[in-house]
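Okay, so here's the structure we're looking at.
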Amino acid sequence: MDFPGLELKIRMSLMADPDSHIWVPARLYYNKADPYAVQFSFDVTPDHVVQWTFARELLDQGLAAPSGIGDVKIAPIDQNRRFSIELESPAGYARLGGPAASVKAWLTKTFEVVPAGRESESVDIDSFLDELLPH
């Protein structure tokens, strides 16, 4: 049976400025077929969903201490009860805040599926190369 992946749906606040927060639905998804990555999406509007993929290790580290450089930065806030995620690209910038406990619990489940340091065992290199190379 194929592993369907692990999904977490949460509500996060899109921090427009220090005094303005907009609640948005967000989703974290993990699939052992891409064991190093976490997919993150949030609904700006019902018709506009922003999607990002970044390292599972970055999320894990960012829940404990500020982590990340470049386009994704994750850090604990509010005495580790919440976390922030900053996303930046040429198309725009967003800073969101969310509940750390539910994300930590979900992340623990991902490490039960594919333990840290064992991600390479879940990658099917032959199939990946077969898709890349012409036949």
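Failed condition for Ala100, given (1) open to solvent by 20 Å² or more (accessible area, probe 1.4 Å); (2) without any contact (Cβ under 8 Å) to a residue 40 or more places away in the chain; (3) of a type outside the set (Ser, Thr, Tyr), with all others met?
It is condition (1) that Ala100 fails.
Run down Val50, Val44 and say which single residue is under 14 Å from the mean Cα position of the chain (by Cα), at pLDDT below 95 and β-branched (Val, Ile, Thr). Talk me through it step by step, then tell me what you get.
Numbers: Val44 fails: under 14 Å from the mean Cα position of the chain (by Cα).
None of the other options fit; the residue is Val50.
Test Asp60 against the criterion of being buried (at least 19 other Cβ atoms within 10 Å of the Cβ) and not in a strand (DSSP E or B), and give yes or no.
In short, yes.
List the residue pairs whose Cβ atoms are under 6 Å apart, where the first residue sits in the range 9-21 and is touching a residue at least 60 places away in the same chain (Cβ under 8 Å) and open to solvent by 30 Å² or more (accessible area, probe 1.4 Å), the second is among the charged types (D, E, K, R) and part of a strand (DSSP E or B), and the two are 6 or more positions apart or on different chains.
Met15/Arg95
In the range 22-55, what residues are in contact (Cβ under 8 Å) with a residue 60 or more places away in the chain, open to solvent by less than 70 Å² (accessible area, probe 1.4 Å) and within 24 Å of Glu112 (Cα to Cα)?
Passing the criteria: Ala26, Leu28, Tyr30, Pro35, Val38.
Answer with yes or no whether Ser84 is surrounded by fewer than 17 Cβ atoms within 10 Å (Cβ to Cβ) and more than 18 Å from Ala116 (Cα to Cα).
no
The values are calculated or read from the model by the stated rules, or taken from the named source; none is laboratory data. Note that the structure is a prediction, hence the values are computed from the model and not measured. Cβ sites come from the backbone with ideal geometry, for glycine too, and all protein chains shown count toward neighbours. Quick note on the areas: whole protein, heavy atoms, side chains included, nothing else; ligands and nucleic acids left out. Shrake-Rupley method; radii C 1.70, N 1.55, O 1.52, S 1.80 Å.
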